[in-house]
Amino acid sequence: MQTLEKILVDISNFLWGPPLLVLLFGMHLFLTIRLGFIQRYIFKGIKLSFERSKDAFGDITHFGALMTALAATIGTGNIVGVASAVALGGPGAVLWMWLTGVFGISTKYGEAVLSIKYRITNKNGQMSGGPMYVLEKGLKA
């Protein structure tokens, strides 16, 4: 049993090291380049989220959608994770968090676009969407 535990710990330490960092940051960079540096529109997106539109389609306002997306993305775990990273890694951790955050915008954008593309109107007339609908409708899974 101890041998199995040691093997699993070694695999975990390997996967949660450089390979995972390369995969995560690499995907952020790939999507950033593929989407044409979507980060340049961040201020326009923030401005749009505060505008009110009478003819908007959907159940919630632009601002409500932004706040819901942020609440789902930035949880208590992220706040604790940032504090732990700064405490353990020092100022260098802040640099990597900023870089991952800036380039991660394109990943979050891709996720949001797919969720909107594959959302449905349920039997109560409300909009439903998210990762489960992307898998069901987009990947036919």
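Things worth noting here:
- Both radii are taken from the alpha-carbon atoms of region 55-134; with Rh as the Kirkwood radius, Rg/Rh is 1.10.
- In plain terms, the chain is cut at each of the chymotrypsin sites (Phe, Trp or Tyr not before Pro) found in a DSSP loop with at most 15 other Cβ atoms within 10 Å, and the longest leftover piece is 58-141.
- If you take the alpha carbon atoms of the chain and fit the smallest convex hull around them, that volume is 190 Å³ per residue.
- Compared with the direct C-alpha span, the chain from Ile60 to Phe30 gains 7.6 nm at full extension, assuming 0.36 nm per residue.
- With a 1.4 Å probe rolled over the protein heavy atoms of all chains, the accessible area of Arg34, Arg119 falls in the order Arg34, Arg119, largest first.
- Apportionment of accessible area to carbon and sulfur, region 76-117, percent (1.4 Å): 78 percent
- Summed over the residues of the chain and divided among them, the accessible surface reaches 81 Å² per residue at a probe radius of 1.4 Å.
- Phi angles of region 3-12 translate, via the Karplus equation with coefficients 6.51, -1.76, 1.60 and θ = phi - 60°, into HN-Hα couplings of 5, 4, 4, 5, 4, 5, 5, 5, 5, 4 Hz per residue; Gly and Pro are given as x.
The values are calculated or read from the model by the stated rules, or taken from the named source; none is laboratory data. Since we're looking at a predicted model, the values are computed, not measured. Here Cβ is always computed from backbone atoms with ideal geometry, including for glycine, and neighbour counts include all displayed protein chains. Only protein heavy atoms, including side chains, enter the accessible area calculation; ligands, DNA and RNA are left aside. Shrake-Rupley method; radii C 1.70, N 1.55, O 1.52, S 1.80 Å.
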